[in-house]
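The values are calculated or read from the model by the stated rules, or taken from the named source; none is laboratory data. It should be emphasised that the depicted structure is a prediction, and the values quoted were computed from it without experimental measurement. Every residue, glycine among them, receives a Cβ derived from its backbone with ideal geometry; neighbour counts consider all protein chains shown. When the accessible area is computed, the model is the full protein with side chains, heavy atoms only, and any ligands, DNA or RNA have been set aside. Shrake-Rupley method; radii C 1.70, N 1.55, O 1.52, S 1.80 Å.
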Amino acid sequence: MSANPKITDWRGKRIWLLGASSGIGAALAEQLAAAGARLALSARRRDALAALALPEAKLLPLDVTSSTAVAVAARQLLADWGEIDLAIYCAGDYKPMPASEIDLAEMSRLWAVNYEGGAHLAAALVPEALAGRVHGLAFMASVAGYRGLPKALGYGPPKAALIHLAEILHLELAPRGIGVWVINPGFVATRLTAQNDFAMPALIMPEDAAKATLKGFAGGGFEIDFPRRFTRVLRRVSRLPYGWYFALVRRFTGVHP
């Protein structure tokens, strides 16, 4: 077995959402709750989670950059629920960073949120998955992880690493019947993308991103990407030889040597 399970009915599914307080994570929480899922919601601030006003959801505030905090929350949730049907890592942060403004401290901070938190989740749940108590893991990466892009020094590398992590886990866990997904959004209108000073093609709202994510879980594939009119083009461009790729990206982003 190498395909992921197709999730079409969320009623009673035990879902742990990390990074649920805003953006796509918050929209997913609302839509999953409406679909009848049992939710555990994590983010750094309890008040931000409470503001979602999902009274049936379990609130597990934590800092994903702490491996101990993630492991403790995982143990608590498994003690309460017995099993987790799906954990979705939605935590992430972004700051535009061109080469002329390289900031190692900021790169390290973004690496911790965008990649290491996902690794902490994997470390906490993969042994439980192999023991039959966790049935799926999903990681919110980005199309920015496909290939290098201008101004993405702090964002692209950890998202590329997160894609790589999900690929390895899928290779090893899917044959055992454990679902592993990577979610690669294009541009979504959030407080993070509001920092961009350029036109964002095919920009969508978080609610539409959440709908596309749930539709993707119903398909049984490994990658969930959206909006497809944008991601199809970017995937083709990312497969070009370096010379062509660099020339094309410079042309459309205005970055010139």
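Sequentially through the stretch 227-240, phi angles give Karplus couplings (6.51, -1.76, 1.60; θ = phi - 60°) of x, 4, 5, 9, 5, 4, 5, 5, 5, 5, 5, 5, 8, 5 Hz, Gly and Pro residues having no value and appearing as x. Amide H to amide H, with H built 1.01 Å from N, Lys58 comes under 5 Å of Leu39, Ala40, Leu41, counting only residues 5 or more places away or on other chains.
Seen from Ala161, the other residues with C-beta closer than 13 Å to its C-beta sum to a net charge of -1, counting Lys and Arg as +1 and Asp and Glu as -1. Scanning residues 5 or more positions from Asp225 or on other chains, those with amide H under 5 Å from its amide H are Asn184, with H placed 1.01 Å from N in the peptide plane. Within the shell of other residues whose beta carbon sits under 14 angstrom from the beta carbon of Val70, the net charge comes to -1, with Lys and Arg scored +1 and Asp and Glu -1. Converting phi to 3J(HN,Hα) with the Karplus coefficients 6.51, -1.76 and 1.60 and the offset θ = phi - 60°, the stretch 158-166 yields x, 5, 4, 5, 5, 4, 4, 4, 5 Hz in sequence order, with x at every glycine or proline. When the chain is treated as a GNM, springs tying every alpha-carbon pair under 10 Å, which of Arg176, Arg236, Arg75 comes out with the largest mean-square fluctuation? Highest fluctuation of the listed residues: Arg236. The accessible area of Lys95, taken with all protein chains in place and a 1.4 Å probe, comes to roughly 90 Å². Annotated for the chain: lysine pairs at least 8 residues apart or interchain, Cα distance under 20 Å, count 8.
With the charge dipole of the chain set up from +1 on Lys and Arg Cβ and -1 on Asp and Glu Cβ about the Cα centre, the Cα lying farthest toward the positive end among the listed residues Gly82, Ser238, Leu62 is that of Ser238.
In the chain, the DSSP-assigned H stretches of four residues or longer account for a calculated mean residue ellipticity at 222 nm of -13000 deg cm²/dmol, using -39500 (n - 2.57) per stretch and the full residue count as denominator. Considering only Gly82, Gly132, Gly243, the Gaussian network model of the chain with Cα springs below 10 Å gives its largest mean-square fluctuation to Gly243.
For Phe139, the residues whose amide H sits under 5 Å from its own are Tyr89, Trp181, Val182, Ile183, ignoring neighbours fewer than 5 places away on the same chain, with H placed 1.01 Å from N. Looking at the chain alone, DSSP beta bridges between its own residues are antiparallel in about 0 percent of cases. Note that the stretch 49-58 has calculated 3J(HN,Hα) couplings of 5, 5, 5, 5, 6, 10, x, 7, 7, 8 Hz, one per residue in order, obtained from phi through the Karplus relation 6.51 cos²θ - 1.76 cosθ + 1.60 (θ = phi - 60°); glycine and proline are x. Sorted on the mean count of surrounding Cβ atoms within 10 Å across their residues, most packed first, peptides 141-147, 120-126 read 141-147, 120-126.
Here the relative contact order of the chain, from alpha carbon pairs under 8 Å that lie six or more residues apart, stands at 21 percent.
Among Ala202, Ala53, Ala161, the residue with the largest mean-square fluctuation in a Gaussian network model of the chain, with springs joining Cα atoms closer than 10 Å, is Ala53.
A 1.4 Å probe over all protein chains sorts Phe198, Phe139 by accessible area into Phe198, Phe139, starting with the largest.
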